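Nothing in this text is a laboratory measurement; each read-out follows from the coordinates by a stated rule. What you are looking at is a predicted structure, and each value in this text was computed from that prediction instead of being measured. Glycine gets a Cβ as well: all are built from the backbone with ideal geometry, and neighbour counts include every protein chain shown.
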Amino acid sequence: MPKRKKTPPRFLQEKLGDAKARLVRQELAPFLTGIKQDYKDQLPSLTEILRAFISHLGHKDKSFRGISSEVLTTKYQGVNQIYDAIRKRVRLIDEKPPANQIISPESTPPKTALVKGRRQDSQA
């Protein structure tokens, strides 16, 4: 007997509709701040975040309930859309500089060093 191929629900196989995309955008930021607090500022892998976020969305919308984590692959447009939103948001969280570190224009090195008013790379 052949094994049945497991796939996510139809709405995750296609691009998310407006209502579902809006729900993802609204719930993502609060969810990630909660995850960051739970893991003490060290975020788990993106796939773990994706699985937990789908589970979280199941509490907000019935259509996200009962989705197995093994069917969540990024080859489906809807899953990929959620994954990209998570990836972009996590990158913003990680790249934010510390509040006490201020970068001043004087502290950054110039792009080309000048020697006596001329560029070093133009004179051999």
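The phi-based Karplus calculation (6.51 cos²θ - 1.76 cosθ + 1.60; θ = phi - 60°) puts the 3J(HN,Hα) values of region 55-61 at 5, 5, 5, x, 6, 9, 9 Hz, whole numbers, x for Gly and Pro.
In a fully extended conformation the segment linking residue 5 and residue 62 would gain 18.2 nm over its present Cα-Cα distance, using 0.36 nm per residue. With Cα atoms as the point set, the radius of gyration and Dmax of region 10-97 evaluate to 12.5, 40 Å. Across the cross-link table entries 40/88; 20/60; 20/75; 5/75; 36/60; 3/62, which are compared at the Cα atoms, the separations over 22 Å belong to 3/62. Put a dot 7 Å past the Cα of residue 80, heading toward its Cβ, do the same for residue 46, and the two dots end up 1.3 nm apart.
Using a simple spin-label model with pseudo-atoms 7 Å out from Cα toward Cβ, residue 55 and residue 13 lie 2.6 nm apart. Note on region 1-90: with charges restricted to the Cβ of Lys and Arg (+1) and Asp and Glu (-1), its dipole about the Cα centre is near 340 debye.
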